[in-house]
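First the structure, in the form of structure tokens, and then the observations on it.
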Amino acid sequence: MQPGKLQFKFIKLIGLAVLLAAVLSGCGQTPAPTAGVVRSLTGHSATPDVRGEVMGISQTGDRVSAIEVEGALTAETRYDRASVRITDNTRIFLLAENGYTPASAGQIALGQQVEVLFVGLILERYPVSAEAGEIIILPGSGNPAPIPEPTPTSVPRWVLYEQALSQAILPSEGLCEWEILGVAAREVYVFTLCKVRAPIGSAAFGPAVIYLAENGSIEKVTIPRDGTYYGVDIEALFPADIRDKAYQPDMDGPKAEAHIMERLKTNGPPLIALAGTPLP
């Protein structure tokens, strides 16, 4: 690696900003995830906090605000029962034969099987009470509400970007902060910092390319390989006028890390969304 050039980093520590600063100054390397691996965009968490049947639904006005979930405790889940709050930030998907479709809280029905990933504080009573970061409506159960034809505006654009980046970079669903380095045709060049949804856990940062379909949907995300292949992949993936930014980004590492840690509590949007930056 040439001095001062940043390679994609995959770490298992909480001090992201410290490591980011160290790498930018030319310090040692840490193994990266397998290069060039493209993971499908699903928005699904592999390790839900609770999986079970929807036993109760609470509404505030005409809006579903909470559900009661009850199921079996398994090696994959943490709880067998939970009172789950649903907010405007909760991401909801329907699992079908052709993959995951964005859904709404109004499509949750009694008797359905769901998987829930918590976010923020968990009240350790019985059943536990927590806010839902993500809900997956599982197929073949209950009496699902009609599913509307999905549109590009079904969910905020930043949610789709974050899902694509975290699933291409991390071993499990997580949160990302990113800056756009440039856009060419249907390719969006970014520098990103992603972290799994845990106070201490895997994280990664580096440049990536987001490939868009003709209708604007995200097709895949590709990251450069580590080691001796890094420079080769940067040359191949990034246009000449963007390569320097890929090597030396302007991203404020400490600020991005601090915001990710805050989002673990609030489930709010990333900095790029708060700034109102348009996403192609």
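The values are calculated or read from the model by the stated rules, or taken from the named source; none is laboratory data. Quick caveat: nothing in here was measured; it's all calculated off a predicted structure. Virtual Cβ from ideal backbone geometry, glycine too; neighbours counted across all protein chains shown.
For segment 132-139, state whether one or more residues are acidic (Asp, Glu), in contact with a Ser or Thr (Cβ under 6 Å, 6 or more places away or on another chain) and not in a loop (DSSP other than H, G, I, E, B). Yes: one or more hits. Would you check if Pro269 is assigned by TED's automatic domain parsing to the domain that holds Ile210 and either assigned to a loop (DSSP other than H, G, I, E, B) or closer than 23 Å to Gly133 by Cβ (or both)? Yes.
Within segment 182-221, the set of residues being acidic (Asp, Glu) and surrounded by fewer than 13 Cβ atoms within 10 Å (Cβ to Cβ) comprises Glu214 only.
Among the listed residues Ile260, Ile272, Ile242, which satisfies the condition of being hydrophobic (A, V, I, L, M, F, W, C) and more than 22 Å from Lys195 (Cβ to Cβ)?
On inspection, the qualifying residue turns out to be Ile242.
The single residue among Leu264, Leu279, Leu175 that is surrounded by 13 or more Cβ atoms within 10 Å (Cβ to Cβ), outside any strand (DSSP E or B) and touching a helix residue (DSSP H, G or I) at 6+ places or on another chain (Cβ under 6 Å) turns out to be Leu279.
The number of residues in segment 71-123 that are in a loop (DSSP other than H, G, I, E, B) and either assigned by TED's automatic domain parsing to the domain that holds Leu160 or more than 19 Å from Thr60 (Cα to Cα) (or both) comes to 13.
Just to be sure before I move on: is Pro127 farther than 30 Å from Leu212 by Cβ and at pLDDT 85 or above in the structure I sent?
yes
Checking Ala96, Ala109, Ala103, Ala66 one by one, the residue that is free of Cβ contacts under 8 Å to residues at least 24 places away in the same chain and farther than 14 Å from Arg51 by Cβ is Ala66 and no other. Take the residues of segment 224-257 that are among the charged types (D, E, K, R) and in contact (Cβ under 8 Å) with a residue 12 or more places away in the chain: which is farthest from Gly174 (Cα to Cα)? It comes out as Asp241.
For segment 59-83, the candidate set comprises residues that are among the hydroxyl-bearing types (Ser, Thr, Tyr) and loosely packed, with under 15 Cβ neighbours inside 10 Å; within that set, the residue that is modelled with the lowest pLDDT is Thr60.
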